[in-house]
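Contents: one structure, followed by commentary.
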Amino acid sequence: MDRIWRVAAHRVTHVVSLAAVAITAVVVLAIASAPWGAYALVTAILAGSIVALVLFPQLGLEKQQLLVFLMAKVFGRFHPDLSQVPTDKVLSEAERSLEDRRRTEYEDNQGLFLGHYWRPSEEEGQIADIRIFLHAHQHPDGRPTPLEAGTVECVTYYLGPKFPSEDATTKRNSTEAFTIDITAYGPVLCLAEVTFNDGSDPLYLSRYLDFPEDLQTWQTAGASAQILYDVDAHPPWKRMWRRIKGGNE
């Protein structure tokens, strides 16, 4: 993953294809006795396309290869400080205190947390499409989560006054993990009120919805670690390329 720029196989494939098209075009122009300007135009298009593929190799990638490329760019030279492994480690007093607080967080939340994914937005004036959802952590003892037990009645999301059409939106789509989709031009704090149907008190959760905010950050692959969702349906390189062109106009 550190050597993500090694996409030579894809780049060569596209360059060879471009060269084949250019050669075919030259032959057609010769048969048609086209003026020299046409030959120059074909040569310029070929050279420009090759340069674009060299400078922006992601333009030659599709679907899963593109996702791998983007995630490697987001994580950069990833070197884990910690790795999750089964352990019977004896905790120190300080670690025990933190572990108690961590477990209390699980218990107070009933294992419920907010999650979000993002992708570049196609909507005018917006930067990111964001999908927010309710996520349930599995109980260590195997008990069903509130989502599995069906005890969550609804989730009301509040995103602040910059979302004036519906400041607070209540979702009851339990089969979709109470998902809500929004578009935004900047990171925002999301507050959610989780209402239960078993008499439990409402639960309040929060999530900072982060994503890259400017063209320069997009071009350097972003600062957020969230996964681009629905990559196959909406190839993000097309929007990225449109943003690059827009920034140069």
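Summary of values
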read-out	value
Test: residue in the range 105-116 that is farther than 30 Å from Pro187 by Cβ, of a type outside the set (S, T, N, Q) and within 29 Å of the chain's Cα centre (by Cα)	no
Cβ-Cβ under 6 Å pairs, at least 6 apart or on other chains, the range 187-204 side assigned by TED's automatic domain parsing to the domain that holds Thr169, far side of a type in the set (Lys, Arg) and crowded, with 17+ Cβ neighbours inside 10 Å	Cys190/Arg207
Condition check for Leu46: more than 30 Å from Pro212 (Cα to Cα), in contact with a helix residue (DSSP H, G or I) (Cβ under 8 Å, 6 or more places away or on another chain) and modelled with pLDDT under 75	yes
Tyr117 aromatic (Phe, Trp, Tyr), in the same structural domain as Thr169 (by TED's automatic domain parsing) and modelled with pLDDT of 90 or more	no
Glu105 being in the same structural domain as Tyr204 (by TED's automatic domain parsing), at pLDDT 90 or above, over 19 Å from Asn197 (Cβ atoms) and assigned to a helix (DSSP H, G or I)	yes
Of the criteria (1) at pLDDT 65 or above; (2) in a loop (DSSP other than H, G, I, E, B); (3) farther than 24 Å from Phe211 by Cβ, which one Arg3 fails	(1)
Selection from the range 104-161 of residues that are of a type in the set (Val, Ile, Thr) and surrounded by 12 or more Cβ atoms within 10 Å (Cβ to Cβ)	Ile127, Ile130, Ile132, Thr145, Thr151, Val152, Val155, Thr156
Qualifying positions in the range 73-98 - modelled with pLDDT under 75, over 30 Å from Val21 (Cβ atoms) and surrounded by 10 or more Cβ atoms within 10 Å (Cβ to Cβ)	Val74, Phe75, Gly76, Phe78
Yes/no for Ser33 being of a type outside the set (A, V, I, L, M) and at pLDDT 75 or above	no
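The values are calculated or read from the model by the stated rules, or taken from the named source; none is laboratory data. Model, not experiment: these values are computed from the prediction. Cβ coordinates were reconstructed from backbone atoms using ideal geometry, including for glycine residues, and neighbour counts include every protein chain displayed.
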